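Read the structure below first, then the notes.
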Amino acid sequence: MKFFLLISLIGFCWAQYDPQTQYGRTAIVHLFEWRWVDIAKECERYLAPKGFGGVQVSPPNENIVVYNPSRPWWERYQPISYKICTRSGNEDEFRDMVTRCNNVGVRIYVDAVINHMCGAGGGAGTSSTCGSYYNANNREFPSVPYSAWDFNDGKCNGEIYNYNDANQVIDLGGEAIKGSEYFGNGRVTEFKYGAKLGTVIRKWDGEKMSYLKNWGEGWGFVPSDRALVFVDNHDNQRGHGAGGASILTFWDARMYKMAVGFMLAHPYGFTRVMSSYRWTRNFQNGQDVNDWIGPPNNNGVTKEVTINPDTTCGNDWVCEHRWRQIRNMVAFRNVVNGQPFSNWWDNGSNQVAFGRGNRGFIVFNNDDWSLSTTLQTGLPAGTYCDVISGDKIDGNCTGIKVTVGSDGNAHFSISNSAEDPFIAIHAESKL
């Protein structure tokens, strides 16, 4: 069924771990490829006021600069050293971002590339974001320093030809670091930044990490009272939001908003939403190369994230987290936090609804016909503002109003051709 295929797209949920967000904040946003200076501003002007708990940032370590294709997003995952020096900014800007975001209660999660350097195809020279020398084929990365002795020869230095083959994705891509002197004793600067910068909460993106030998020692590099380690595999996320670039048609956007809405309403996991940038179709030799597209830039310099008068983003940045439907569902999740999953309803097809105790209720229509039915919401009697179609402002609602009776029932009507065919109400949207 379409609806449950839709739900299968939700690869954003993490396992049930304590994310160390400020109390009451239950979701983070991946500001994919944003500059550190723009993230600092966004924490202060938008994320904190709207209840976001944190930001996942792109890898901050020095990487190779790729010109063919031109500056793709994945060059960020080709490390050269552990200097904080990328197209997102330098160490001073990174430190300022961390401080300013934490000052307003928004944590920083680092997408840290560990246990491998750039692949042998990266060549040699100083084509890197901070100008450090490297020789990938010889496994020489003197800015760490790493030499050939620090790598697992013959295990993880192949090429990935099929990203649908888990064995290739996990075992081949990149140059995998073995249990070396530098990794084992903490001399790798990458891990020391967790302590040096103090307030950074780290998300480790453990690419191709099946041959990591000193994982237990690796954990010891991050202060347990300040940080928590999350591990996932970046390349295994393909098709689940990795890559970030976005061009959404009307129907794509509907599906995306419903998928994220379902994720944020459901009690499972710790949630992350994507914030991306625009691209156009690009074909070379008959191949769709959209997956190569890097962030909006002027001659390789990442563009500033500008804010339009209507609060959307400009300069080719999409900023889905600023869409009313997404940021209001982040608020919904905060409001219903800790409440049980309740009052499930479905029509046997692609219309479903469920509640979160007596704090929230959501209804989806992903069928090819209209929904019109009365449902038990579990909410107290009153009139509520649907936070998908509008906002509660000064006691009024700019969108659809939903009346809940004394028995907790409410009638819902959702056209299958609606721009956003779902409705969400919660305790704080009561008028």
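The values are calculated or read from the model by the stated rules, or taken from the named source; none is laboratory data. A quick note: this is a predicted structure, and the numbers were derived from the prediction, not measured. Here Cβ is always computed from backbone atoms with ideal geometry, including for glycine, and neighbour counts include all displayed protein chains. Protein only, heavy atoms only, side chains kept; ligands, DNA and RNA dropped before computing areas. Shrake-Rupley method; radii C 1.70, N 1.55, O 1.52, S 1.80 Å.
If the only charges are +1 at each Lys and Arg Cβ and -1 at each Asp and Glu Cβ, what is the size of the charge dipole of region 83-153 around the Cα centre, to the nearest 20 debye?
Details: 6 positive and 8 negative charges, 36 e Å.
With Lys and Arg at +1 and Asp and Glu at -1, about 180 debye.
Report ³J(HN,Hα) in whole Hz for each residue of region 408-419, in order, from the Karplus equation J = 6.51 cos²θ - 1.76 cosθ + 1.60 where θ = phi - 60°; Gly and Pro get x.
Ordered by residue, 3J(HN,Hα) equals x, 7, 8, 8, 10, 10, 9, 6, 5, 9, 5, 4 Hz.
Show me the ranking of peptides 25-32, 253-260, 341-348 by mean Cβ neighbours inside 10 Å, starting with the highest. Walk me through the numbers on the way to the answer.
Numbers: 25-32: 25.6, 253-260: 20.5, 341-348: 13.5.
Final packing ranking: 25-32, 253-260, 341-348.
Just to check I understand the Karplus step: with θ = phi - 60° and J = 6.51 cos²θ - 1.76 cosθ + 1.60, what whole-Hz values come out for region 311-328, glycine and proline as x?
Values per residue, Gly and Pro as x: 6, 7, 9, x, 6, 6, 8, 8, 6, 4, 5, 8, 4, 3, 5, 7, 5, 6 Hz.
Take the residue pairs LYS50/LYS83; LYS257/LYS392; LYS41/LYS430; LYS303/LYS392 and return only those whose Cα atoms are more than 28 Å apart. Mind dumping the intermediate values first?
Details: LYS50/LYS83 33 Å; LYS257/LYS392 19 Å; LYS41/LYS430 31 Å; LYS303/LYS392 34 Å.
The answer is LYS50/LYS83; LYS41/LYS430; LYS303/LYS392.
In nanometres, what is the gap between the two model label sites at ASN297 and THR373, each 7 Å from Cα along Cα-to-Cβ?
5.0
Counting only the backbone N, which residues of region 372-392 are under 12 Å from the spot 7 Å out from the Cα of ASP407 toward its beta-carbon?
Within reach of a label on ASP407: 374-377.
For the peptides 306-318, 38-50, what is the packing order when you average, over each peptide's residues, the other Cβ atoms within 10 Å and list the highest mean first?
On the way: 306-318: 14.8, 38-50: 20.5.
Listed from highest to lowest mean packing, they are 38-50, 306-318.
How would you order 80-92, 405-417 from highest to lowest mean count of nearby Cβ atoms within 10 Å?
Working: 80-92: 21.4, 405-417: 14.8.
In decreasing order of mean packing, 80-92, 405-417 become 80-92, 405-417.
Which one of ILE414, ASN328, ILE388 is farthest out on the positive end of the charge dipole of region 322-431, using unit charges on Cβ (Lys, Arg +1; Asp, Glu -1) and the Cα centre as origin?
ASN328
Find the accessible area per residue for region 82-136; the probe is 1.4 Å, ligands and nucleic acids are left out, and the unit is Å². Don't jump to the answer; show the numbers that get you there.
Numbers: 1720 Å² over 55 residues.
Result: 31 Å² per residue.
Once phi is turned into θ = phi - 60°, what whole-Hz ³J(HN,Hα) does the Karplus curve with 6.51, -1.76 and 1.60 give for every residue of region 24-34, x standing for Gly and Pro?
Calculated HN-Hα couplings, in order: x, 10, 10, 8, 10, 10, 8, 7, 5, 6, 5 Hz.
Whose amide H sits under 5 Å from the amide H of CYS313, counting only residues 5 or more places off or on another chain, with H placed in the peptide plane?
The answer is ASN308.
Would you mind checking which residues have amide H under 5 Å from ILE388's amide H? H placed 1.01 Å from N; only 5 or more apart, or other chain.
Counting only residues 5 or more places away or on other chains, the set is ALA424.
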